[in-house]
1. Return the total of residues in segment B:112-135 being part of a loop (DSSP other than H, G, I, E, B), more than 11 Å from chain A (Cβ to nearest Cβ) and either under 20 Å from the mean Cα position of the chain (by Cα) or not acidic (Asp, Glu) (or both).
2. Return the residues of segment B:136-173 that are more than 13 Å from the chain's Cα centre (by Cα), more than 10 Å from residue B:89 (Cα to Cα) and part of a loop (DSSP other than H, G, I, E, B); say none if nothing qualifies.
3. Exactly one condition in (1) surrounded by 15 or more Cβ atoms within 10 Å (Cβ to Cβ); (2) within 14 Å of chain A (Cβ to nearest Cβ) is not met by residue B:76; state its number.
4. Looking at (1) within 11 Å of chain A (Cβ to nearest Cβ); (2) open to solvent by 50 Å² or more (accessible area, probe 1.4 Å); (3) free of Cβ contacts under 8 Å to residues at least 60 places away in the same chain, can you tell me which one residue B:57 breaks?
5. Residue check: is residue A:375 on the phi < 0 side of the Ramachandran plot, more than 14 Å from chain B (Cβ to nearest Cβ) and at pLDDT 95 or above?
6. Which of the numbered conditions does residue A:253 fail, given that it passes all the others? Conditions: (1) more than 21 Å from residue A:63 (Cα to Cα); (2) of a type outside the set (A, V, I, L, M); (3) surrounded by fewer than 19 Cβ atoms within 10 Å (Cβ to Cβ).
Amino acid sequence: MRKIGWRKILATFIAVLGIALGWSLVEPQSVSAAEPTYTFATNNTFEPFEIQDSKGGYSGKNPGIEIEMLKKIAKHEHFKYKLKPMSFNGDLQALEGGQVDAVIAGMSVTNERKQKFDFSKPYYTDGVMMAVAKNSKITSLKQLKGKMVSAKSGTSAALFVKKNQKKYGYKIRYFDSSNTMWNDVKNGNTDATFDDGPVLQYGIRTGVPLKIVTKKPIDAQPVAVGFQKGQNLALQKKVNDGIDWLNKTGQMKQIVNKYTKSDKTTKSSTASRTIPGLLKANRSALLNGLWMTIQLTIVGIILAMIFGLILGVLGFMQSKLANGISSIIIYIFRGLPMIVLAFFIYMGLPNVIGHKVPLFLAGIMTLMLDEGAYIGAIVKGGFDAVDPGQWEAARSLGLPYRKALIKVVAPQGIKIMVPSLVNQFIITLKDTSILSAIGVMELTQTGTVIISQNMEGFKMWLIIGTIYIIIITLLTWLSNYIQKRMA
Amino acid sequence: MDKQYKVQVKDLHKSYGKNEVLQGINLNVKPSEVVCMIGPSGSGKSTFLRCLNRLEIPNGGHVYVDGYDIADPKVNINKVRENIGMVFQHFNLFPNMSVIENITLAPVQLKKESKEEAKKDALHYLEVVGLKEKTNVNPKTLSGGQKQRVAIARALAMKPDVMLFDEPTSALDPEMVGDVLEVMKNLARQGMTMIVVTHEMGFAKQVADRVVFFHDGNIREQGTPEQIFEHPQQEDTKNFLDKVLNV
């Protein structure tokens, strides 16, 4: 009897694996036979180097210095590329993990990074600058004693503030994107912020209410494309040749000037700053984000249910080994913060398996393991909550374990579980927002990207929050209806 | 083991940790015999009963039912249990099924009968326990006494040749007890082998062929109802009967 049980569990596991694998095949992987395709990690927002359009892509007219550069180089050097926008920290980890072939993200060439990565020829010189709120009295680094300063984690500005912390006696707060960081200064939570010069200058020209107080860039450093050390030599050569060609033909200067000198690229369309205006302007981006959130939730919940059911039954079986396996799996995935799990699957796992993990699959796997562990605990708890007398009555009639479970105990256990499961569905929907950390373009990430362009933090988060509340309300109604039907 | 006995228990031991609740019990039950087990709570009589169909796993000794040693791992315990009906203190009806589904579940699942046969049989046993009109109701709507009678019908539907009763009337309101005992008396009259843990001394006096008095994990005294109730030999038996009969 036990043998059959194990076989069934194994079959379910294989089915889940099959679904996951199928997904990875469905993921679009357009490859042209003639020209090689490379994957470049880049920033979500790093104006003026990277400027995302409202859909989170780079197909707009003014995608930023580096994106325009890359487009020209690729065409001239005959290769194709795919962009993976992430936080800068994510970029570096993805490159280290071999998830991507190169990083093009306003990356300064530092000695530390040279140990780990190869760099192309530099195409820009970049230095750190300090900015404060418009009404601030701070004008120099010496006035920062005891104050709060900020920088984006992993950037050269972050290295700079860390290095000089003892000298000036400030506290440091790290951020992942420029606009949240700048908003923090604007709101008075941070006294001063350090960022790359061009980034700050561009931001202020597009309406960020800060002022730069350092006269010239501190710690000026060259900016270049980063590669995995000793890898992709063909690509490295192509990029270097392309940079030479852009410099020689004067195109490089043209691109840089377009973003740093002229006003053409700033999109200060103050036309629609009202909530209906913002909704209208970002309608398709928000809908795409919402759709992704819904897809993640539904696929995630289904897989988490299967995984959780397996864990629950393993935890309940009359086998110490199965109980132990179930407890350990539940303990690990419940204990692990979901964001760590997401990073581990998306950036850590490729190191081990030597193969990239598609973004959507990584997101789904994260949800399946994390939510599945919770569902496993709920399932086990539900079975445990059934009166032991039910077992005894069923077994004393001669029913074998499996029949007693399926016919008598499971139906009662499931009834006990329903409210907790419904709660877990709602939590799953909310938890999809955590996947924005690895760059899944769901609702929250869509919001981050939109705000990086229009700086309307308050109104946009209000809109995003309202959307979440609405779908969660709908889901609650639906589940109440189902619960009533089941009772 | 001896063929003339339906149930034969030899030197049965059971402990929970250091607490030895059964300290080597020997008991033989003949076909059609009705044995009532009495004794203070904690004396081990319920544990003993639950060892007879392996709801509790004995630590030592042998339990033969119909010639099978149920302590032997090679014996298919499910098959043996099919022939041992059990009735619990708290009825343990399946709340997710109607009365008739409760009764037909095991015969149909264990392929003893077709669905139609099982239904016909179930109706017959519901008639035996006097609840034919409750065939399709949810057990939730029944009184305690009715639930217990359904539980008896459920056990009978497997056509067992031994019935175990674990304090079948302890959880019932006093006015419900009579109906349940009446059903049990009829069963006894028809020749069912029954082992009953009970606090109903009247029932034991009237129906039992033998009364067994448990004390501290041992059988302290056994005999006909007359011997036990009228002429108890042991001090413990006298004390116990004094307490329960003079309430």
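The values are calculated or read from the model by the stated rules, or taken from the named source; none is laboratory data. Remember, predicted model here, so these are calculated numbers, not experimental data. Cβ coordinates were reconstructed from backbone atoms using ideal geometry, including for glycine residues, and neighbour counts include every protein chain displayed. Side chains are part of the model used for accessible areas, which takes the heavy atoms of the whole protein and leaves out ligands, DNA and RNA. Shrake-Rupley method; radii C 1.70, N 1.55, O 1.52, S 1.80 Å.
1. Quick first cut of segment B:112-135, residues part of a loop (DSSP other than H, G, I, E, B) only: B:112-114, B:129-131, B:135.
With the extra rule that they be more than 11 Å from chain A (Cβ to nearest Cβ), the set shrinks to B:113-114, B:129-131, B:135.
Now drop any that are not either under 20 Å from the mean Cα position of the chain (by Cα) or not acidic (Asp, Glu) (or both), which leaves B:114, B:129-131, B:135.
Here the count works out to 5.
2. Those that are more than 13 Å from the chain's Cα centre (by Cα), more than 10 Å from residue B:89 (Cα to Cα) and part of a loop (DSSP other than H, G, I, E, B): B:136, B:137, B:138, B:142, B:143, B:157, B:158, B:159, B:173.
3. Every condition holds for residue B:76 apart from (1).
4. (1)
5. Working: on the phi < 0 side of the Ramachandran plot: yes; more than 14 Å from chain B (Cβ to nearest Cβ): yes; at pLDDT 95 or above: yes.
Yes; evaluated as a whole, the condition is true for this residue.
6. (1)
Rundown of residues vs (1) over 19 Å from the mean Cα position of the chain (by Cα); (2) under 23 Å from residue B:161 (Cβ atoms); (3) modelled with pLDDT of 90 or more; (4) in a loop (DSSP other than H, G, I, E, B), yes/no style:
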{"residue": "B:3", "(1), (2), (3), (4)": "yes, yes, no, yes"}
{"residue": "B:15", "(1), (2), (3), (4)": "yes, no, yes, no"}
{"residue": "B:22", "(1), (2), (3), (4)": "no, no, yes, no"}
{"residue": "B:50", "(1), (2), (3), (4)": "no, yes, yes, no"}
{"residue": "B:53", "(1), (2), (3), (4)": "no, yes, yes, yes"}
{"residue": "B:86", "(1), (2), (3), (4)": "no, yes, yes, no"}
{"residue": "B:91", "(1), (2), (3), (4)": "no, yes, yes, yes"}
{"residue": "B:102", "(1), (2), (3), (4)": "no, yes, yes, no"}
{"residue": "B:108", "(1), (2), (3), (4)": "yes, yes, yes, no"}
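Rundown of residues vs (1) within 16 Å of residue B:144 (Cβ to Cβ); (2) modelled with pLDDT of 95 or more; (3) surrounded by 15 or more Cβ atoms within 10 Å (Cβ to Cβ), yes/no style:
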| position | (1), (2), (3) |
| --- | --- |
| B:164 | no, yes, yes |
| B:173 | yes, no, no |
| B:176 | yes, no, yes |
| B:183 | yes, no, yes |
| B:189 | no, no, no |
| B:194 | no, yes, yes |
